[in-house]
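The values are calculated or read from the model by the stated rules, or taken from the named source; none is laboratory data. Small disclaimer: the values here were computed from a predicted structure and weren't measured. Cβ placement follows ideal geometry from the backbone for every residue including glycine, while neighbour counts extend to all protein chains displayed. With ligands, DNA and RNA removed, areas are computed over all heavy atoms of the protein, side chains included. Shrake-Rupley method; radii C 1.70, N 1.55, O 1.52, S 1.80 Å.
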Amino acid sequence: MSAIARIASIFFLASAAQLASVERGNIYGDATYYNPGVGLGSCGQLHQDSELIVAVNWQQMANGANPNKNPKCGKYVNVWGPKGFVQVKITDTCPGCAYGALDLSPAAFSHIADQAQGRVKVWWNWA
């Protein structure tokens, strides 16, 4: 079993108390998916469902007065889920997401889980 597979299996067996988010290193939370093509993201650009992009929870996105100028816009995060791994570009903020949570494009979500699951536990880090 690979190191990543071992870590992933440990993560998915962990209790909720062990899923506390950590800003340095791996961050644990829920991942969902949304349709980014319905309007501009908080980074000020239009995107499509087919792109590998993410909306980061509002607490960790930490938008200032002008979210289009957020230095996190255009950066990447690495995400591991029950089905695999994906690297995604930050293009938006998820105002309804809890700390540690990510809202992925459908294409990105499909790399880490089946869309029928809707919401899955993930771990991720800043790339």
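Of everything in region 74-127, what is of a type in the set (D, E, K, R) and either part of a loop (DSSP other than H, G, I, E, B) or open to solvent by less than 10 Å² (accessible area, probe 1.4 Å) (or both)? Give them in sequence order.
Filtering region 74-127 for residues of a type in the set (D, E, K, R) gives 75, 83, 89, 92, 103, 114, 119, 121.
Correct list: LYS75, LYS83, ASP114, ARG119.
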* So which residues in region 48-62 are in a loop (DSSP other than H, G, I, E, B) and surrounded by 14 or more Cβ atoms within 10 Å (Cβ to Cβ)? -> ASP49, GLU51, LEU52
* Asked: Within the group ASN78, ASN125, which residue is in contact (Cβ under 8 Å) with a residue 60 or more places away in the chain, within 21 Å of GLY25 (Cβ to Cβ) and among the polar types (S, T, N, Q)?
  -> ASN125
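Each row is one residue, and each column tells you yes or no for (1) assigned to a loop (DSSP other than H, G, I, E, B); (2) at pLDDT 95 or above; (3) touching a strand residue (DSSP E or B) at 6+ places or on another chain (Cβ under 8 Å); (4) open to solvent by 70 Å² or more (accessible area, probe 1.4 Å).
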| residue | (1), (2), (3), (4) |
| --- | --- |
| SER21 | yes, no, yes, no |
| GLY25 | yes, no, yes, no |
| GLY29 | no, yes, yes, no |
| LEU46 | yes, yes, no, yes |
* Going by the conditions given, is ALA17 out of contact with any Pro (no Cβ under 7 Å at 6 or more places or on another chain), open to solvent by 80 Å² or more (accessible area, probe 1.4 Å), part of a helix (DSSP H, G or I) and at pLDDT below 95? -> yes
